[in-house]
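Okay, so here's the structure we're looking at.
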Amino acid sequence: MVAAYVQAGHHKEAFGCLRRMQLEGISPNEFTFVNALGSCGCGDDLARGRTLHGWISEGGMDLDSNSVLANALVSMYSRCGGVEEAAKVFEAVGSGTRDVIMWTSMVAAYAQCGFSDTAFRLFQKMLLEGIRPDKISFITILGSLMRDRAKLVHDLVCECCFDTDVAVGTALVEMFSRAGKLSSAWDAFDSISHPVVASWSALISAMVEHGYYSVAFVVFQGMLLEGVTADKIALITILGACKSSSFLPAGKLVHNFISSSGFELDLVVRNALIDMYGSCRDLKTARDIFGQLVPYEDAVSWNSMIAACAESGQHNEAILLFYQMQLQGMAPDRVTFISVLNSFSFSKQGKGLPHLNNIHELVQAVGLHVNPELVRASIIRMYGKCGAVEDAQAVFRAGEETFVSWNALVAAFADSGMAEKSLRSLHSTQLEGFQADEITLASILNACESPQDLKFGRKVHKQVVGSGWESGTVLGTAVISMYGRCGSVEDAFRAFNTVAEKDLVAMNAIITACIQHNEFGEALNLFRMMQLEGMKPSKATFVSVLNACSSPRDANLVLSCILETTSLGSHESEADLLLGNAVITMHGRCGDFVAAQQAFNSMAVRDVISWNALMVAAEKGDEVLEIFHRMQLEGFRPNKISFVSFLTAASSNSSGSIISSAQSCKAIQALAVQAQVFRDDVIKHGFINLYAKVGNLNQADQVFQDISRRDVVSWNSIIAAYARNATAGQALELFLEMQLQGIAPDGITFVSILSACSHSGQAASAVFYFSSMAIDYGVPAGPEHQGCLVDLFSRSGRLSIAEELSESSSGGGGGGGGGGFQWMMVLGGCQVQNDARRGVAVAERVMEIERSCGAGHVVLSNLLRAPTCLN
């Protein structure tokens, strides 16, 4: 009867039946106890198992002579987490009683409780005592092995001829995957005589875990071609390979297969589908599947949907789902809290703080329903990301100081930009006997973002060296990136040279460091070295290297490699979008607008950055204006960069007459207000220039008055607006008011003042301001300032003075005096004054400087054709 209850899963009833049996005076035998011990399968059953052990001892049963009962006791303690009690039973029986089953049970007890080293030592001791491992022994030890022992056990498996066994072979695949030895995992799979679906799933899982998603799909297809039917585990595993929008088509094919196989109604599979569509940024389909689950959804379904929203940047929706989940009577668990807490990583300005406080209170109310330590650490981190470090410290102090909580606090300080405080906290962790992990040190390094952080970054680097992780890829790459951001490319190279395995991530980091410091040649050399060493660049590599291309020759080198390794514009992933934008930007930098347009047109998906890059690449103002209008017609909302490009082009003299009225300017201003960018002072400066171009100084002044904190750029914009429209008096008044407001003029201010004087013919004022620049304001006069005076004297017919000024700018030397633009002003003055003799001499100076100056030839030709000059 006890055995029947156990087999039916009624464990408490089995225990009660055994107790009743004893009360009725019937003594249980060893088989009764073996069956009863089988009913204890988890930590909650440990107390009942101890009671059974006590009854066995009271019954005088000798474990030393009863291996079956001894094995049952060791197995029970192993399943229930009582590893110390299992060891006592194991040691209590004689060596002759310990068979392979008992040894394996004891190895399993240590392995299941996380004592992998002890499990391996016991396995070795078993071998030394002459116990030959069986299939279960190998499966047990393979499940707990670390990387450095993989080959040793594999050789033993082969020696015992178990490598072809499907269960052992599958365990070998999983073990090699954990060790990161994928080629060995594949060899182990090939050794299996008849792989079953679990073997295929293990190989697929190995590829997915190590990022070989395309290979995982090849393995999945191979399984189907071999006639092996995919089960639920295989389908869930291959769905995990769909990690970006580029895998969405493949994910949909798997979804179709699931529908045709009858697995679509399975709740676990549906949850995996939600995860897949969330990872692929197809929230619409994820929502549809989630909606079909109602009212059968579980906490995992809600967690999957919340995580999908968080990953896609829909943080408000993630938080809304979190609240809705509770309204539906579904209790959040550990995964729920961690997923929704990650939604706050987008806000470093405290925008998510009220929600975070609510969730923190809920976590405290839920209490034992979640993993308190992990969730507590997540709350500390998220308070840090929201800039609420005092709240983070309060949460830290409220609980036990552990390795996890210390690391979370250090990272919270780093996330809040409090780099020095994070380092002090790091020292505190060490004083308390805790060691920072790699993730924490990487967080602190990532907090170092500018040259001002270099000294601090070097201190953290010393911590990395002291921890022995300097040569590792994760922290080695973080150190390289830190030095790149903080302005020391030399230190970045030294860190790069210490990394043991210079993989693609490390190469990308050092290339980026070179580009950040304009070491473009070095970046391209590293790129060439990658190719020579057979390392395949990623799209991130191309995005970085394209920033180093400033000539068609460099561009062709990188573009040819891109075409060999990827198909630009054929996918819709985020990486493809970034790469396409980088190609457009590179063509613009090289002055090839046609190629930039071709790259833009070839992109399957574009964003506002794509349009901005094309506007920057445009050579003519009219082209920029046309692109700006096109992007709106295609449904893209301009951002700040879009408006800066547009306003710069529209305010230029080359923009034609597309923006030619105040009404058009006001329409554009309304658009900027709607896009919520008009509040930015840079945009307001652009509108001042635009209104000045169309002559609407009243509107320009209104925009100027709307600027709350006027700096020198603001004043320069409004002074230039009046100077441009020949209202020198008002420009000079603004110049004086600017100084009364405590704003010191700069070189650009004086260009506008001198230009205003030039256009209004105020020679005395111009000379006064020119003379006072260096003496009164400490602003050195440059060619552009002297050019304003040359223009003034040329316009007013004082050609001798204009000629002397142009000559003096060369220090009295020869041919380059004054620059071509100043001599062209003098030549224009000669044409106005019909001074042919001087005009010929000035034209010669122009030709000395710019031999192909077509404008100089035209002015001289017109001058010599004038009726007054025909003689």
Between segment 200-215 and segment 787-804, how many Å separate their Cα centres? 77
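For a quick check of your reading of the filter: which trypsin sites (Lys or Arg not before Pro) in segment 705-754 sit in a DSSP loop and have no more than 14 other Cβ atoms within 10 Å?
For trypsin sites (Lys or Arg not before Pro) across segment 705-754 that sit outside H, G, I, E and B with at most 14 neighbouring Cβ atoms in 10 Å, the list reads ARG709.
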Checking the a/c ratio against 1.5 first, then a/b against b/c, what shape does the Cα gyration tensor give for segment 150-196? oblate
Quick one: what does P(r) look like for segment 1-132 with 10 Å bins over all Cα pairs, in whole %? 13, 44, 31, 11, 2
Once phi is turned into ³J(HN,Hα) by the Karplus curve 6.51 cos²θ - 1.76 cosθ + 1.60 with θ = phi - 60°, what whole-Hz value does each residue of segment 321-327 show in order, with x for glycine and proline? 4, 4, 5, 5, 4, 6, 5
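State to the nearest 20 debye the size of the charge dipole of segment 1-132 about its Cα centre, where the only charges are +1 on K and R beta carbons and -1 on D and E beta carbons.
It works out to roughly 200 debye.
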Let me make sure I get this right: for segment 478-538, a, b and c are the square roots of the gyration tensor eigenvalues over alpha carbons, sorted descending. Under 1.5 in a/c it's rounded, otherwise prolate if a/b > b/c, else oblate. Which is it? oblate
Could you list, in their original order, any pairs among LYS12/LYS88; LYS243/LYS684; LYS125/LYS462 whose Cα atoms are separated by more than 31 Å? LYS243/LYS684; LYS125/LYS462
From the residues LEU69, ILE141, MET106, which one has its Cα farthest along the dipole of segment 60-154 in the positive direction, the dipole being from +1 and -1 charges on Cβ of Lys/Arg and Asp/Glu about the Cα centre? ILE141
Determine the shape class of segment 181-240: with a ≥ b ≥ c the square roots of the Cα gyration tensor eigenvalues, call it rounded for a/c under 1.5, and otherwise prolate if a/b is greater than b/c, oblate otherwise. oblate
Using packing as a proxy for protection, rank 485-495, 668-678 so that the peptide with the highest average count of other Cβ atoms within 10 Å comes first. 485-495, 668-678
Using mean Cβ contacts within 10 Å as the protection proxy, how do 255-268, 306-319 order, highest first? 306-319, 255-268
Quick check on packing: order 471-478, 452-459 by the mean number of other C-beta atoms within 10 Å, highest mean leading. 471-478, 452-459
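Where a number appears in this text, it was derived from the coordinates with a stated rule and is not lab data. Since the model is a prediction, treat every value here as computed from it, not as a measurement. Please note: Cβ atoms are built from the backbone with ideal geometry, for glycine as well, and neighbour counts cover all protein chains shown.
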